[in-house]
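Inspection log for the structure reproduced underneath, given as structure tokens.
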Amino acid sequence: MVQQPYYHSTRGKEACTPKEAILQGIARDGGLFVWDDLDQDPIKLSAFLQYDYQQMVQVLFKKLLWDYTEEELKECTLAAYGDHFDDVLITPLVFAKNQPILELFHGPTSAFKDVALCMLPQLMTKALKGKQEKVMIITATSGDTGKAALSGFQDADRIGILVFYPEGKVSNIQRLQMATQAGNNVDVCAIRGNFDDAQSNVKAIFQSEGAKRLFEEEHIVLSSANSINIGRLIPQIVYYFAAYKQMYEQGKIQMGDLVNFCVPTGNFGNVLAGYYAKLLGLPVRHLIVAANENKVLDDFLRTGVYDRNRPFHKTISPSMDILISSNLERMLYYMCGKDSKKVNDWMCDLANHGRYQIDEETLAKIQDVFLSGYCDNAQTFAEIHRVYEESNYVMDPHTAVGSHVLRQYALSEPTILLSTASPFKFTRDVLCALQITPADDDFQCMEQLSRLANCKIPKGLYALKDLPIRFEQVIDCTDMETYVCEKAKELLK
Ligand SMILES: *Cc1c(COP(=O)(O)O)cnc(C)c1O
């Protein structure tokens, strides 16, 4: 009999099936779920690339999420990608002059998080079938995950969702997107602090004995919609293959040619999915990690020292304002020879001292694949302007960070830039970059940009204009656990 590919924690042997991993989100020892055999049986590229996006999803998921039936996967795929995206290709490849750009923002909330967060609730609902538990999702967001998760989980059966975001550290449109969210199973709360504070406290709630006891009594499973959940990570692998397929079909590459991807990065989820695609057989040479002024990842990839003890910068690419990149742990696990002990030691150092240093051998392996760079605010503004002047293409600030970093490298393979958000989510800064005075009103700004870029305002964003505000609560970080316990009962009544 074939050994079933169980998932287990990066920090130890705690093992579970894909469905269990999706319901649980994070391992009990604080580690992240990984699957050791990712690179054992590579995908046959030329056959795989014949599939359309939905078929790729189903074939890839069957491999990685083996306890879902084909019927279940079909239903999940249809529900997630049937009609939520405004482009049939889901993630279309466009060109700004000669630069290939994979647009990941054609989903309902105009950020790349939609690709995964349209799918995660479907996977979770199927995993709950036949069980008596309910699920309470708690999620920290630096701006985009929150809305995409709320929208994906709205009115899902037996699932409640609570989103924490850092007060004053998301764009006004991002705030409105969350504060106006509809649904009887949703709640949104701002915290006094930054994203890392929100995320560490969410992680602490998962570890808390008090919360655990309370939720067990109520048959509630705590889970997360952050990219630490494999149900969020795995859907993101698909678009790397979809990008390759479009490059091939447009005659830009031959079958089997190596390509690079440049990825604007915060929590390391998106770029990790690219690394997973490589492990699964996609011909990827380099992955370029693009950071903003919070360049903890760029420093790490250059030196092998991860050090979060540094000032936190508020930038115009807020979804990347992160100093603790959770998903890096998974990459470290694969790169250090799948040694849980090593990973555990590094993560203890991070928790206790905010810093760790990896060994030379692991660093060399990482540097063979991962390149990196960073882009400050002034350079981000300049890049949006430069690209527009050169090609009439308007990009959002996160994408511009990637674009700037990409230009620092002259690689022999074609490099695909991932575009992670619609410029309409960050209209005010984009208009400033284009040297146009923004109107006072955010929605007039959208109209200004629409005329200039000659493209339509995403429906979901313009509709915010007329929606009532439902959530205005702000609390201290220290009150998050109590808040979660109260809200869970209310939302899952
Ligand atoms: C979340 C986000 C990122 C960072 O993605 P990670 O997976 O956290 O690295 C980049 N750009 C935008 C617009 C985002 O919403």
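Throughout, read-outs are computed from the coordinates displayed, never taken from laboratory work. It should be emphasised that the depicted structure is a prediction, and the values quoted were computed from it without experimental measurement. Every residue, glycine as well, gets a Cβ built from its backbone with ideal geometry; the counts of neighbours run over all protein chains shown.
Ranked from highest to lowest mean number of other Cβ atoms within 10 Å per residue, what is the order of the peptides 465-476, 142-153?
Put in order of decreasing packing, that is 142-153, 465-476.
Quick check for me: using +1 on Lys/Arg Cβ and -1 on Asp/Glu Cβ, what's the dipole size of the chain about its Cα centre, in debye to the nearest 20? Kindly include the intermediate steps, with their values, before the conclusion.
Numbers: 50 positive and 63 negative charges, 62 e Å.
Here the size comes out at about 300 debye.
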Which distance in nm do the two modelled labels at LYS338 and ASP307 give, with both placed 7 Å along the Cα-to-Cβ direction?
-> 3.4 nm
Per the charge dipole of the stretch 79-128 (beta-carbon charges, Lys/Arg positive, Asp/Glu negative, Cα centre), the residue among HIS106, TYR81, ALA127 reaching farthest to the positive end is ALA127
At 222 nm, what helix-only mean residue ellipticity would the chain give, in deg cm²/dmol to the nearest 500, using -39500 (n - 2.57) for each DSSP H run of four or more?
-> -13000 deg cm²/dmol
Sorted by chain and then number, the residues having a modelled amide H within less than 5 Å of the amide H of MET136, at least 5 places away or on another chain, are GLY160, VAL221, LEU222, SER223
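Do any trypsin sites (Lys or Arg not before Pro) in the stretch 57-88 lie in a loop, going by DSSP, with at most 13 other beta-carbon atoms within 10 Å of their beta carbon, and if so which? All intermediate terms of the calculation are to be shown ahead of the outcome.
Numbers: sites: LYS62, LYS63, LYS74; in loops: none.
Here no loop site has a sparse enough neighbourhood.
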Report the one residue of SER326, VAL387, TYR409 whose Cα lies farthest in the direction of the positive end of the charge dipole of the stretch 321-424 (charges on C-beta: Lys and Arg +1, Asp and Glu -1; origin at the Cα centre).
-> SER326
LEU258 and ASN392 label points (each 7 Å along its Cα→Cβ direction) are spaced in nm at 3.6 nm
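Taking a 20 Å limit on the Cα-Cα distance, which of the listed pairs LYS147/LYS487; LYS19/LYS365; LYS97/LYS252 fall beyond it? Intermediate values should be presented prior to the final figure.
Numbers: LYS147/LYS487 18 Å; LYS19/LYS365 32 Å; LYS97/LYS252 14 Å.
Checking Cα-Cα distances, LYS19/LYS365 exceed 20 Å.
Please label the shape of the stretch 217-260 as rounded, prolate or oblate, based on the square roots a ≥ b ≥ c of the eigenvalues of the alpha-carbon gyration tensor (a/c under 1.5 means rounded; beyond that, a/b larger than b/c means prolate, else oblate). Each step should come with its number before you reach the end.
Working: a/c = 6.18, a/b = 4.73, b/c = 1.31.
Cα axes put the stretch 217-260 in the prolate bin.
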THR415's amide H: which non-local residues (gap 5+, or another chain) put their own amide H closer than 5 Å, with H modeled 1.01 Å from N in plane and none for Pro or chain starts?
-> ASN260
Three-way shape label, the chain, alpha-carbon gyration tensor, a/c 1.5 = rounded
One finds the C-alpha centres of the stretch 21-51 and the stretch 199-236 to be spaced, in Å, by 20 Å
Once both label points are put 7 Å beyond Cα along the C-beta direction, the LEU89-SER450 separation in nm becomes 2.4 nm
Of the trypsin sites (Lys or Arg not before Pro) in the stretch 375-461, those whose Cβ has at most 12 other Cβ within 10 Å and which sit in DSSP loop | LYS456
Relative packing of 364-376, 231-243, 299-311, which averages over residues the other C-beta atoms within 10 Å, highest first = 231-243, 364-376, 299-311
